[in-house]
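These notes concern the structure reproduced below.
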Amino acid sequence: MALLQLSEPGQSTAPHQHRLAAGIDLGTTNSLVATVRSGQVETLVDSQGRNLLPSVVRYTTEGVVVGHEARSQAVEDPLNTISSVKRLIGRGLDDVKTLGGRLPYQFRQEQAAVPRIQTIVGEVTPIEVSAEILRALVQRAETALGGDLAGVVITVPAYFDEAQRQATKDAAKLADLQVLRLLNEPTAAAVAYGLDSGSDGVHAIYDLGGGTFDISILRLNRGVFEVLSTGGDSALGGDDFDRSVAEWIMQQAGIQEHSGHAMLRRLMRDACAAKEALTDSAVADFDVELEDGSHWQGQLTRAQFNELVDPLIRKTLIPCRRALRDADLTPQEIEDVVMVGGSTRIPRVRELVGEFFSTPPLVDIDPDRVVAIGAALQADILIGNKPDDQMLLLDVNPLSLGIETMGGLVEKIIPRNTTIPVARAQEFTTFKDGQTAMAVHVLQGERELVKDCRSLARFELRDIPPMVAGAARIQVTFAVDADGLLSVEAREQSSGVKARVEVKPSYGLTDSEIEGMLRDSIEYARDDLEARHLREQQVEADRVIEALTAALERDGDELLSAEERARVESALSELVKIAHGEDQRAIKKGIEALENRCEFYVERRMNSSVSKAMSGRSVEDFE
Amino acid sequence: MLDFSKNFFELFGLPVGYIIDTDQLAARYRELQRVVHPDRYASASGQERRISMQGAAQVNEAYQTLKDPIRRAGYLLSLKGIDMDLQKETTRDGEFLMEQLELREELEQAREKPDPYKVIASLVADINRRITALVGQMAVQLETASPDQLEAAREILRKMQFLQKFRYDAESLEAELDEMV
């Protein structure tokens with residue numbers, strides 16, 4: 001979409017073409033896909049009419065099984081059946097060990113930052129497992145819609161850190177998806193609730209899922225959703241409730257800690273069933289077959305259950321308090337609390353949350369589907385199917401970003417709850433004569449010491465011109481995009497030399513690893529990777545040509561002199577000539593060349609849109 | 001880089017000055033983001049997306065600067081040619097520093113009190129009152145902004161920074177207490 005089509009909606013020159021887009025809720029326990037069809041938003045069902053796709057993947061020598069079938073096989077084949085992979089994505093092996101769960105998988109013990117799970121078909125990473133879930137959902141959507149998806153919005157917990165977001169995006173890349181946006185789950189829920197112009201004000205979204213907890217405070221004003229603060233715990237959810245119950249059973253039935261994987265799986269399943277039963281009934285009964293073949297029978301009352309899970313629910317109120325503090329609000333100033341996530345079905349959760357915010361929580365939309373519905377609405381807008389829509393979502397970064405300084409301390413560069421996108425620069429200098437390289441350690445977290453924060457990446461600045469100590473002025477710019485992903489650029493100011501930045505993601509995969517996985521995946525064994533890159537470049541070239549042509553038609557004469565216009569047009573025609581050629585590198589170069597020559601024009605258009613938006617504005621216009 | 005306009009006030013179409021209509025500022029912020037935000041360019045070319053991201057980041061930075069009375073004061077002073085190194089310069093007002101020491105002591109002792117949250121909340125409320133008073137003084141000094149007044153404004157800003165640091169530390173202590181639950 002070209003620039004002025006946006007500032008002057010409804011005057012699009014291109015004929016309106018409906019493109020297929022979907023919203024995906026990639027959950028810990030269950031995943032869903034939703035879309036907008038004939039103006040109606042709906043979650044898509046499988047051939048048996050089921051909305052939820054269990055986020056369970058089983059690897060067998062005959063192929064990969066995803067969903068209900070995989071889940072039902074989890075007990076008999078625990079080592080090759082991966083569930084709750086969202087808890088592992090974007091995490092390191094050390095994190096995984098301290099997650100508190102007795103995870104029934106075998107991890108390969110090695111130095112690699114990304115945990116690798118051993119299965120019958122070899123090692124898989126959480127990113128690959130997530131990609132399998134995405135593929136299953138996309139297949140469901142494409143079957144239902146009868147065409148290829150042009151783009152998707154994938155939701156992530158607001159409290160997901162940079163590594164977890166990057167890993168989710170990598171999974172989408174592996175599944176060959178065009179990601180329009182990573183959208184925070186609470187924001188998606190707010191959109192689904194249609195908290196639109198009718199409900200301007202400040203709202204809280206309490207999202208307790210299978211494995212993550214999020215709280216977001218947002219202000220709604222005429223279609224703009226402005227997230228004021230967010231908080232949470234990316235390792236707290238319904239799974240923990242199950243675990244509390246399972247531990248209670250173990251205690252009651254005298255089951256040993258070191259019981260087998262299958263036993264633990266069964267206990268977790270029974271615990272989960274009891275938890276769900278207690279939503280409607282006052283007691284849940286158990287009949288557990290022990291390893292010696294004997295049976296243990298028992299009963300859990302709702303009051304006992306409440307006692308077991310109270311500490312977990314209270315743990316969610318701490319981030320609530322902090323998010324309110326960050327937004328500079330009291331619980332009484334919140335108008336509504338929207339409940340999201342399957343775990344908010346638990347009556348005790350509703351009770352304690354209602355008490356905390358002194359208002360009965362909103363539970364009108366199915367808490368399992370609300371996030372996917374919001375994501376689908378946003379995807380429909382982002383893909384360009386609703387050019388006149390004025391909805392805008394302004395999100396924040398959930399955790400502070402900083403760098404390591406002398407003495408193992410962290411200096412914050414972008415504090416938490418800063419509205420994104422954001423760019424901040426920081427200057428460094430050399431401490432030795434003739435120093436030509438410098439190490440920068442990027443961290444995430446709220447604590448003061450490096451050891452208490454999470455290491456995101458290490459950057460090495462090279463090619464600094466040799467100077468006396470303290471003379472170099474190296475400006476490092478941290479930029480966080482609308483998806484919450486960080487990028488870093490470094491430049492030596494006095495000489496203008498752009499220092500090379502080498503990124504070593506602490507918990508992610510490198511580009512070449514992803515490339516390798518793509519190559520290895522069955523789909524691309526048939527489909528040549530080169531051909532894929534060529535198609536990508538051709539599509540991007542068409543996009544650039546289309547946008548520029550539309551722009552010239554609209555305001556070329558207004559914003560460009562005749563001579564400038566001629567220059568832009570000749571550059572454009574050069575790309576048109578090669579855009580459908582067979583040489584992907586040539587197309588890439590052609591795009592870059594055109595962009596270089598037109599950058600002034602794109603910027604001029606943006607500036608012009610901005611001044612148009614502000615021109616003639618007076619107080620009355622806004623009131 | 002984009003050159004939206006000469007300064008943040010002009011970007012938002014507002015008069016350059018310390019007293020600001022925050023509702024109007026917020027409304028214009030939303031208007032601007034509707035034009036520049038990357039979500040408006042989700043299916044545009046890579047170049048448009050990149051420039052839109054820069055634009056949105058600049059609008060965010062401008063908004064955060066103008067919204068916060070302490071950052072706004074620093075920004076206005078920098079527009080008047082006064083660039084402060086707030087890491088290094090500090091107030092020499094003995095009475096003010098004495099008060100700060102006492103408040104710090106109270107904060108230190110808060111964690112031993114039966115209800116530390118209450119102690120912290122009342123300290124933060126006290127600090128907020130002090131900041132509000134300084135905001136009023138700042139507005140007076142910056143209204144005509146003679147050289148003497150600018151010097152006075154600079155001194156007020158040093159004190160504001162002090163109070164802000166205190167507020168930050170109080171909130172950190174609260175967060176620390178939360179984690180001990």
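The values are calculated or read from the model by the stated rules, or taken from the named source; none is laboratory data. Just so we're clear, the structure is a prediction, and the values are computed from it rather than from any experiment. Neighbour counts run over all protein chains shown; Cβ positions are idealised from the backbone, glycine included. Side chains are part of the model used for accessible areas, which takes the heavy atoms of the whole protein and leaves out ligands, DNA and RNA. Shrake-Rupley method; radii C 1.70, N 1.55, O 1.52, S 1.80 Å.
Criterion first (closer than 28 Å to residue A:466 by Cβ, away from chain B (no Cβ under 14 Å), part of a strand (DSSP E or B) and hydrophobic (A, V, I, L, M, F, W, C)) does residue A:403 satisfy it? Even if it seems obvious, please write down each step before you answer.
Details: closer than 28 Å to residue A:466 by Cβ: yes; away from chain B (no Cβ under 14 Å): yes; part of a strand (DSSP E or B): yes; hydrophobic (A, V, I, L, M, F, W, C): yes.
Here the answer is yes, as residue A:403 does meet what is asked.
Spot the failing condition for residue A:386; the list is (1) without any contact (Cβ under 8 Å) to a residue 40 or more places away in the chain; (2) open to solvent by less than 30 Å² (accessible area, probe 1.4 Å), and only one is missed. The failed condition is (2). Please work out which residue is farthest from the chain's Cα centre (by Cα), limiting yourself to the stretch A:577-590 and to residues that are in a helix (DSSP H, G or I) and surrounded by 15 or more Cβ atoms within 10 Å (Cβ to Cβ). Within the stretch A:577-590, the match that is farthest from the chain's Cα centre (by Cα) is A:578.
Could you pull out the residue among B:73, B:56 that is touching a residue at least 12 places away in the same chain (Cβ under 8 Å), surrounded by 17 or more Cβ atoms within 10 Å (Cβ to Cβ) and within 27 Å of residue B:163 (Cα to Cα)?
B:73
Restricting to the stretch A:406-440, count the residues that are among the acidic types (Asp, Glu) and either part of a strand (DSSP E or B) or under 30 Å from residue A:220 (Cβ atoms) (or both). Count: 2. Kindly indicate whether residue A:457 is open to solvent by 20 Å² or more (accessible area, probe 1.4 Å) and farther than 20 Å from residue A:326 by Cα. In short, no.
Pull up the stretch A:297-318, narrow it to residues that are open to solvent by less than 40 Å² (accessible area, probe 1.4 Å) and more than 14 Å from chain B (Cβ to nearest Cβ), then point me to the one that is nearest to the chain's Cα centre (by Cα). Checked the stretch A:297-318; the qualifying residue nearest to the chain's Cα centre (by Cα) is A:309. Evaluation of residue A:443 against the conditions (1) within 13 Å of chain B (Cβ to nearest Cβ); (2) not in a loop (DSSP other than H, G, I, E, B) shows that the sole unmet condition is (1). Checking each residue in the stretch B:5-26 for being open to solvent by 70 Å² or more (accessible area, probe 1.4 Å), without any contact (Cβ under 8 Å) to a residue 60 or more places away in the chain and more than 16 Å from residue A:615 (Cα to Cα) picks out B:22, B:23.
Being polar (S, T, N, Q) and more than 7 Å from chain A (Cβ to nearest Cβ) is the filter here, so list the residues in the stretch B:20-35 that pass it.
Keep residues of the stretch B:20-35 that are polar (S, T, N, Q), which gives B:22, B:24, B:33.
Listed by number, the list holds a single entry, B:22.
Scan A:429, A:330, A:359 and give me the residue that is open to solvent by 30 Å² or more (accessible area, probe 1.4 Å) and out of contact with any helix residue (DSSP H, G or I) (no Cβ under 8 Å at 6 or more places or on another chain).
Details: A:330 fails: out of contact with any helix residue (DSSP H, G or I) (no Cβ under 8 Å at 6 or more places or on another chain); A:359 fails: open to solvent by 30 Å² or more (accessible area, probe 1.4 Å).
None of the other options fit; the residue is A:429.
Restricting A:78, A:104 to residues that are at pLDDT 70 or above, over 27 Å from residue A:177 (Cα atoms), surrounded by fewer than 23 Cβ atoms within 10 Å (Cβ to Cβ) and touching a Pro at 6+ places or on another chain (Cβ under 6 Å) narrows the list to A:78.
Go through the stretch A:160-194 and give me each residue that's modelled with pLDDT under 85 and either surrounded by 24 or more Cβ atoms within 10 Å (Cβ to Cβ) or among the small types (Gly, Ala, Ser) (or both). Before the answer, list the steps.
Filtering the stretch A:160-194 for residues modelled with pLDDT under 85 gives A:193-194.
Hit for the stretch A:160-194 is A:194, nothing else.
For the stretch B:114-139, which positions are open to solvent by 90 Å² or more (accessible area, probe 1.4 Å) and more than 17 Å from residue B:163 (Cα to Cα)? Within the stretch B:114-139, B:114, B:118 qualify.
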